[in-house]
Amino acid sequence: MASKKLYGGSLNQFANSFPRAFGWKVTFVDPDDPENFRKAITPRTKALFIESLANPGGVVCDIRAIADVADAAGIPLIVDNTMATPYLCRPIEHGATLVVHSTTKFLSGHGNSVGGIVIDSGKFDWRNGKFPALSEPEPGYHGLRFADTFGHLAFTIHGHAIGLRDLGPSMAPLNAFLTIAGVETLALRMERHCANAKAVAEFLKGHPAVAWVNYAGLPDSPYHALAKRYLPNGAGAVFTFGLKGGYEEGVRMVESVELFSHLANIGDTRSLIIHPASTTHRQLSPEGLKAAGATPDVIRISVGLESVDDIIADLDRALNKLG
Ligand SMILES: *Cc1c(COP(=O)(O)O)cnc(C)c1O
């Protein structure tokens, strides 16, 4: 079962590829009320999946409350911590069982390598009858019982021995090198990303061409209290805002900026901008655009490490051209 407020690629993977490839059915619920997870859990539910800070809606989940629901049901909570990074949020301390990251974004940090990681808290007891792949003899490994043999390392060892062997998701060595080099400066970069993003969000909030700003770091965000609890060092650097104009202004905005790069990626050193309705979400109907938070007025930015004065001047010039 998953939050319905997730990165679009994850929504597609869960809704379409997982059922086709593995026969896994994913139920989606609104994560804003943790009770929604409790109500939708059935005896067949194997895990809950949320994003700590959702891409891109500025949605922050109550990790502890959702972890309690997972605990009560005897299933793991998996948290995608890509947008927050371990510098801003440490989900295991709030009850997460497994944490996943796209390292493509802030962890590698320079827009130069694709990758992902899984972190196992080692705290879950896989022998409660719901996870036979870990508790029962593994036919693909001469009858080994992973949970009995490896204890709190069962999930990790099974992931290596069976998952990597059979599915093959291994990282290219150069990507691993670039990612490790990137992680060395994560703290410094995130401090600057967050300070810049907050200043940019405040600037946008005061601009006459902007209708709304969706940034959990702003006091009027509905997620501000959760952000203070789970992201005390900053609310990340990726967020959306709405133009008072519509589709045409959105396209013009992206064409008018000079410092921002027009890209669908996030978490680069450089500031990035996209107008989802005319690009990444172009195939959706008006209803679909609304459900995805990608109405024609929406602009998404990933605030980079440049001088914040230059970032704001670039946005200001582009917004003023919209008239
Ligand atoms: C980008 C992203 C992913 C997918 O990452 P890739 O490295 O592009 O496969 C997953 N989750 C979140 C929250 C993301 O932003």
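Overview of values
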{"read-out": "Interchain or long-range residues, amide H under 5 Å from E138's placed H", "value": "G143, L144, R145, F146"}
{"read-out": "Antiparallel DSSP beta bridges within region 2-178, percent to nearest 5", "value": "40"}
{"read-out": "Label point 7 Å beyond Cα of D310 along Cβ direction - residues of region 150-182 with amide nitrogen under 17 Å", "value": "none"}
{"read-out": "Residue-normalised accessible area of region 140-285, expressed per residue, 1.4 Å probe, Å²", "value": "51"}
{"read-out": "Karplus (6.51, -1.76, 1.60) ³J(HN,Hα), θ = phi - 60°, over region 88-94, in Hz, Gly and Pro reported as x", "value": "9, 8, 10, x, 5, 5, 9"}
{"read-out": "Alpha-carbon centroids, region 221-286 and region 171-191: separation in whole Å", "value": "24"}
{"read-out": "In the chain, lysine pairs with alpha-carbon atoms under 21 angstrom apart (chain gap of 8 or more, or interchain)", "value": "24"}
{"read-out": "Extreme residue, positive dipole direction of the chain, given options A47, A294, N175 (C-beta unit charges)", "value": "A47"}
{"read-out": "Protein accessible area in region 2-178, 1.4 Å probe - carbon and sulfur %", "value": "58"}
{"read-out": "Computed over region 4-152: relative contact order in percent, which uses C-alpha pairs under 8 Å that are six or more apart", "value": "14"}
{"read-out": "Region 186-321, dipole about Cα centre (Lys/Arg Cβ +1, Asp/Glu Cβ -1), debye to the nearest 20", "value": "380"}
{"read-out": "Amide proton proximity set for K4, modelled H, under 5 Å, gap of 5+", "value": "V29, D30"}
{"read-out": "Rounded to whole Hz, the Karplus (6.51, -1.76, 1.60) HN-Hα couplings of region 170-180, x for glycine and proline", "value": "9, 7, 5, x, 5, 5, 4, 4, 5, 5, 5"}
{"read-out": "Beta bridges by DSSP in the chain, antiparallel share as percent, to the nearest 5", "value": "60"}
{"read-out": "Inter-label distance, nm, simple model (7 Å from Cα along the C-beta direction), D30/A195", "value": "3.8"}
{"read-out": "Top of G23, G122, G242 by mean-square fluctuation, Gaussian network on the chain, Cα under 10 Å", "value": "G23"}
{"read-out": "Given charges at beta-carbon only (K, R positive; D, E negative), |dipole| of the chain in Debye", "value": "580"}
{"read-out": "Karplus-derived HN-Hα couplings along region 50-66 (A = 6.51, B = -1.76, C = 1.60, θ = phi - 60°), whole Hz, x at Gly and Pro", "value": "9, 10, 4, 10, 7, 9, x, x, x, 8, 10, 8, 7, 4, 4, 5, 6"}
{"read-out": "Over the chain: helical MRE at 222 nm, DSSP H runs n ≥ 4 each giving -39500 (n - 2.57), nearest 500", "value": "-9500 deg cm²/dmol"}
{"read-out": "Added length on full extension, which subtracts the Cα-Cα distance from 0.36 nm per residue, R165 to K205", "value": "9.4 nm"}
{"read-out": "Region 186-321, accessible surface, carbon-and-sulfur percent (1.4 angstrom probe)", "value": "54"}
{"read-out": "Candidates D62, D166, D120, ranked by Gaussian network fluctuation over the chain, Cα under 10 Å, top entry", "value": "D166"}
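The values are calculated or read from the model by the stated rules, or taken from the named source; none is laboratory data. Not measured: the values here are computed from a predicted model. Heads up, the Cβs are rebuilt from the backbone with ideal geometry, glycines too, and the neighbour counts pull from every protein chain shown. All accessible areas refer to the heavy atoms of the entire protein, side chains included, with ligands and DNA or RNA removed. Shrake-Rupley method; radii C 1.70, N 1.55, O 1.52, S 1.80 Å.
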